[in-house]
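Single-structure report; data block below.
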Amino acid sequence: MDQQLADRIVARYPRASRFQRWHMRGRLHLCPYDLLLKHLTGPGNLLDVGCGFGHLAWYLRESGSALAYFGTDIDERKIAVATGSLPAGPSAHAAAADATTGGAPAFRLGDARALSHLPERFGNILFLDVIYLMPWELQTQMLGWAMGRLAEEPGSAILVKTMDEASGFSGFRAVAEEWIMVRLLRRTRDSGALNGMRPFPEYAAFARARGFRCDIEALGTYNPSSVLRFTR
């Protein structure tokens, strides 16, 4: 990512700690957001499940996206930082209303499946580096829920950006880095797994059984990762 763009995004977080700002910069430089933009083909709005600090919202704003952004996370610390990036720090309900009309992003604390004051349908639903932190049963529950909330308009899609299955030095290095951040430093909450990814054909079979298609694209990132795109 362009350094000036990263600087503008991080500057929206004046109350974030030095470590949090360092973490954000790492995410902005390592996650290929530019490669994900082309997959955001659904209309109207976007749900970012496991949004963390919410910097994707500001990347989209800087990129000229008109999608109404809703971000959810189960980590109270990260949602507090995300909310601190809003200009006037509106309440969750007011922020959700603003997001619906294309205004400020809305950041919500909790499991997306249980939250109220969210749109019934989303043109785009994202899971960026969160699915692999779940055991398989929870992964399928979350994906099944997302399929039920996906808009029916053409182009609507669920995107899962994820680590590949651990193999070779680079794969095990990625798992080691996750262990440090999740289990040692406790900077990220997991849901029972460090790399719970299954072979990609299992995701394609899961999608087919529910009337969806799953396309897979390798991203060529430092830690091997791919994007899974689920469409009707």
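None of the figures in this text is laboratory data; all of them are computed from the coordinates on show. Owing to the predicted nature of the structure, the values given are computational and were not obtained by experimental measurement. Don't worry about glycine lacking a Cβ; one is built from the backbone with ideal geometry, like all the others, and counts go over all protein chains shown.
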Note, the range 217-222: 3J(HN,Hα) by Karplus (6.51, -1.76, 1.60, θ = phi - 60°), whole Hz, Gly/Pro = x, goes 10, 6, 9, x, 8, 3
Scalar couplings 3J(HN,Hα) for the range 199-214 by Karplus 6.51 cos²θ - 1.76 cosθ + 1.60 (θ = phi - 60°), nearest whole Hz, x for Gly and Pro, are x, 4, x, 5, 5, 5, 5, 4, 5, 4, 5, 10, x, 10, 10, 10
Taking R0 as 25 Å and r as the Cβ-Cβ distance between Thr140 and Leu35, the FRET efficiency 1/(1 + (r/R0)^6), rounded to the nearest 0.05, comes to 0.45
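Counting other C-beta atoms within 10 Å, which of Thr83, Thr231 has the fewest, and how do the rest follow?
The most exposed by this proxy come first: Thr231, Thr83.
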Pseudo-spin-label distance Leu115 to Glu153, built 7 Å along Cα→Cβ, given in nm, is 2.0 nm
Burial-style ranking of 106-115, 5-14, average other-beta-carbon count within 10 Å with highest first, yields 106-115, 5-14
So the FRET efficiency between Asp2 and Asp215, C-beta based with R0 = 25 Å and rounded to 0.05, is 0.35
With R₀ set to 35 angstrom, the calculated FRET efficiency between the beta-carbons of Ala80 and Tyr222, to the nearest 0.05, is 0.75
